[in-house]
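Every read-out reported here was derived from the displayed coordinates using simple, explicitly stated rules and does not represent laboratory data. Bear in mind that the values here come from a model prediction, so they are computed numbers and not experimental data. Neighbour counts run over all protein chains shown; Cβ positions are idealised from the backbone, glycine included.
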Amino acid sequence: MTVERRQELRKRSFLKGRIHFNKGASSMDCLVRDFSDAGARLELSETRTLPESFDLYIPQKETTLRATLRWLREGDVGVAFDTQKPASSEPAADPSLAVLLRRIAELEAENAALRSVIATKEAASGATLA
């Protein structure tokens, strides 16, 4: 039988999480399976690349916590939250978001160019095309 060493009881949870490390340059998804004010158990598909300390972003709680690795088992890790050190920053923007924003800007520019062509054609013909 194992001895319970936690100061606080963890509540079972099923929350999406995102781990950020390397100053926000790297990230990985996780599931927050047990949660307390002091720490959590995280479920990951890969644990080999996980650093000793990282930021854990939990979208449903709209919070980012500084976490320190406490134990590691296949697919699961235990972390303690560092209340003395705040999370280094808000999570880095998802690269796919940057791609989408750039594409929106391109489409808006194309839309403006097409409207200009339509306006020119309307002026030349004296009729309304749109």
Please report the base-10 log of the normalised intensity I(q)/I(0) for segment 11-81, using a Debye sum with one equal scatterer per alpha carbon and no solvent, at each q in 0.18 (1/Å). -0.58
Efficiency of FRET from Cβ geometry, Ala109 and Thr68, R₀ 41 Å, rounded to 0.05: 0.30
